[in-house]
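Worksheet: one structure, shown below.
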Amino acid sequence: MRATRRARIVGAVLELYHAKLALMPLSSKMDFCEFCVAWSGKHGSDEKARIASAQSGEERWRRVPMPWELFQPALRIVGHCLLGPTNSDELRTQATRAAQCLYLRAMETMDARAVLACRSVVRLSQMAEEPIPEPSFSGAVEANMAELEAMRANILSGKN
């Protein structure tokens, strides 16, 4: 998709927003993730309900053209919301949803850069949810000590 002047300007504004993202309140980050879901289009089982309610005037979700100049900073902000220093599970859930919607949008437009970037962010979100197992060195240390004792005994028996 060809970038327009408007997309470049909005992309530059999103870059400035990203630069100050650590100072932003949690509600601002939540709103941005919600906007990313809306901008990416309608994906999911509740699509028909949204279309019906949008026709009645209750809710207006609008799909926004997403060239790379707009997509890249948006994905960078979503990645910060996922992996940043905030300890809010609600923000991480919202950011995961936004990353998945952006991934589906990238798959629709078949933009290779966007697909690879989104898939990486989605995988990182899945990895962030999994607990990291604690390494256990007790068995390895005992095996190494036994091997060292055997080598020592072999060396000592060779000298005599």
Among the residues of region 1-13 satisfying the criterion of being surrounded by fewer than 14 Cβ atoms within 10 Å (Cβ to Cβ) and not aliphatic (A, V, I, L, M), which is nearest to ARG105 (Cα to Cα)? ARG2
Subset of region 110-124 (residues that are surrounded by 10 or more Cβ atoms within 10 Å (Cβ to Cβ) and either of a type in the set (Lys, Arg) or modelled with pLDDT of 80 or more (or both)): ARG113, ALA114, VAL115, LEU116, ALA117, CYS118, ARG119, SER120, VAL121, VAL122, ARG123, LEU124
Residue ID - modelled with the highest pLDDT, chosen from residues in region 43-71 that are in a loop (DSSP other than H, G, I, E, B) and crowded, with 18+ Cβ neighbours inside 10 Å: PRO67
Members of region 14-27 found to be over 16 Å from the mean Cα position of the chain (by Cα) and either loosely packed, with under 12 Cβ neighbours inside 10 Å or touching a residue at least 40 places away in the same chain (Cβ under 8 Å) (or both), listed by number: LEU14, GLU15, LEU16, TYR17, ALA19, LYS20, ALA22, LEU23, PRO25, LEU26, SER27
Considering residues that are crowded, with 18+ Cβ neighbours inside 10 Å and over 15 Å from LYS20 (Cβ atoms), the number found within region 73-89 is 5
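The rows are residues; the columns are (1) under 18 Å from SER40 (Cα atoms); (2) at pLDDT below 80; (3) of a type outside the set (S, T, N, Q).
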| position | (1), (2), (3) |
| --- | --- |
| LEU82 | yes, no, yes |
| ARG97 | yes, no, yes |
| GLU108 | yes, no, yes |
| GLU134 | no, yes, yes |
| ILE155 | no, no, yes |
| LYS159 | no, yes, yes |
Confirm whether SER28 is over 16 Å from VAL122 (Cα atoms), modelled with pLDDT of 80 or more and assigned to a helix (DSSP H, G or I). yes
Go through region 90-107 and give me each residue that's surrounded by 14 or more Cβ atoms within 10 Å (Cβ to Cβ) and charged (D, E, K, R). ARG92, ARG97, ARG105
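The values are calculated or read from the model by the stated rules, or taken from the named source; none is laboratory data. Everything numeric in this text was worked out from a predicted model, so none of it was measured. Counting neighbours? That spans all protein chains shown, and the Cβs are built from the backbone with ideal geometry, glycine included.
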